[in-house]
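Undergrad: Take this structure first; my questions come after.
The values are calculated or read from the model by the stated rules, or taken from the named source; none is laboratory data. Just so we're clear, the structure is a prediction, and the values are computed from it rather than from any experiment. Backbone-built Cβ (ideal geometry, glycine too); neighbour counts: all protein chains shown. Ligands, DNA and RNA are stripped out before the accessible areas are found, and what is left, the full protein with its side chains, is counted by its heavy atoms. Shrake-Rupley method; radii C 1.70, N 1.55, O 1.52, S 1.80 Å.
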Amino acid sequence: MARTQGSHSDITGPRVRTAALRLFAQHGYAAVSMRQIAREVGVQAGALYNYTPDKQSLLFGLMKQHMDELLAARADLSATGDAVTDLEAFTRMHIRFHRARPEEVFIAYMELRNLTAENFDAIETLRRTYEDQLEAILRAGVASGDFAVGDPKIATMAVIAMLTGVNTWFREGGRLSLDEVGQIYWDMVRKTVGR
């Protein structure tokens, strides 16, 4: 089938991904058809296959892009060698990064079950890389005597869950700014792992 008039791959490809992201976040991956995505973008359903092999590839691509961007944001933080300073930077970066991407975060956590085994393994590898970076900070803090964490792996999972949870309740224009929330969460994280 032909593309809708005025459709260009450098414009339509990103529009396909944006539409899929919005629809997957709103209705869930399983409930969204390629036909719905095409309608949202304004192309014929068959034309979608010029931009993606299938719906699974769209889901995987969205999740991988999210993890790649998260790891890049994390890489932009310079390690100071001081576990407390590094943990604060991690805390604030995680909250800001995820707050700016609510749909991506929702999909990253809620749609893992819809990935093929191979795609799941690839995303889990990226997630473990990110988690390992936080765990390394916690282990360094235990070694320096700044943190008292019995099990750094479990503490890592608890901290990430707590920080990501901001997305479920925070609203712009609410009682607190995102910076104020970041300060409160940093205080809680520090008390959770501190001596």
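Undergrad: Any idea which residue in the range 157-183 is surrounded by the fewest Cβ atoms within 10 Å (Cβ to Cβ), counting only those that are hydroxyl-bearing (S, T, Y) and part of a helix (DSSP H, G or I)?
TA: Taking the range 157-183 first, the residues hydroxyl-bearing (S, T, Y) are 164, 168, 177.
Filter again for part of a helix (DSSP H, G or I), leaving 164, 168.
Working: T164: 16, T168: 9.
For the range 157-183, the residue satisfying everything is T168.
Undergrad: Being under 22 Å from L23 (Cβ atoms), assigned to a helix (DSSP H, G or I) and open to solvent by less than 60 Å² (accessible area, probe 1.4 Å) is the filter here; which residues of the range 99-133 pass it?
TA: Keep residues of the range 99-133 that are under 22 Å from L23 (Cβ atoms), which gives 99-116, 119-120, 123.
Checking the rest, the ones that are also assigned to a helix (DSSP H, G or I) come to 99, 102-110, 112-114, 119-120, 123.
Once the filter is applied, which keeps residues that are under 22 Å from L23 (Cβ atoms), assigned to a helix (DSSP H, G or I) and open to solvent by less than 60 Å² (accessible area, probe 1.4 Å), the range 99-133 yields R99, E104, V105, I107, A108, L112, N114, N119, I123.
Undergrad: Taking only the range 71-116 into account, find how many residues are closer than 16 Å to T168 by Cα and of a type in the set (S, T, N, Q).
TA: 0
Undergrad: Could you list, in sequence order, all residues of the range 139-156 that are acidic (D, E) and buried (at least 16 other Cβ atoms within 10 Å of the Cβ)?
TA: Narrowing the range 139-156 to residues acidic (D, E): 146, 151.
Across the range 139-156, the qualifying residue is only D146.
Here's the yes/no breakdown for (1) farther than 30 Å from F147 by Cβ; (2) open to solvent by less than 50 Å² (accessible area, probe 1.4 Å):
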position	(1), (2)
A20	yes, yes
A30	yes, no
G46	yes, yes
K55	yes, yes
G61	yes, yes
K64	yes, no
D82	no, no
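Undergrad: May I ask you to verify whether A136 is free of Cβ contacts under 8 Å to residues at least 40 places away in the same chain, open to solvent by 40 Å² or more (accessible area, probe 1.4 Å) and part of a helix (DSSP H, G or I)? Steps first, please.
TA: Details: free of Cβ contacts under 8 Å to residues at least 40 places away in the same chain: yes; open to solvent by 40 Å² or more (accessible area, probe 1.4 Å): yes; part of a helix (DSSP H, G or I): yes.
Yes, satisfied.
Undergrad: What do you reckon, is G194 under 14 Å from D86 (Cα atoms) and either among the acidic types (D, E) or at pLDDT below 95 (or both)?
TA: Yes: the conditions hold for G194.
Undergrad: Okay, moving on. Just to check your reading of the model, which residue among T91, T85, T125, T52 is hydroxyl-bearing (S, T, Y) and in contact (Cβ under 8 Å) with a residue 40 or more places away in the chain? If you could, list the steps in order and put the result at the bottom.
TA: Working: T85 fails: in contact (Cβ under 8 Å) with a residue 40 or more places away in the chain; T125 fails: in contact (Cβ under 8 Å) with a residue 40 or more places away in the chain; T52 fails: in contact (Cβ under 8 Å) with a residue 40 or more places away in the chain.
Of T91, T85, T125, T52, the one residue that is hydroxyl-bearing (S, T, Y) and in contact (Cβ under 8 Å) with a residue 40 or more places away in the chain is T91.
Undergrad: Give just the number: which of (1) open to solvent by 20 Å² or more (accessible area, probe 1.4 Å); (2) within 27 Å of W186 (Cα to Cα) does Y51 not satisfy?
TA: Single failed check for Y51: (2).
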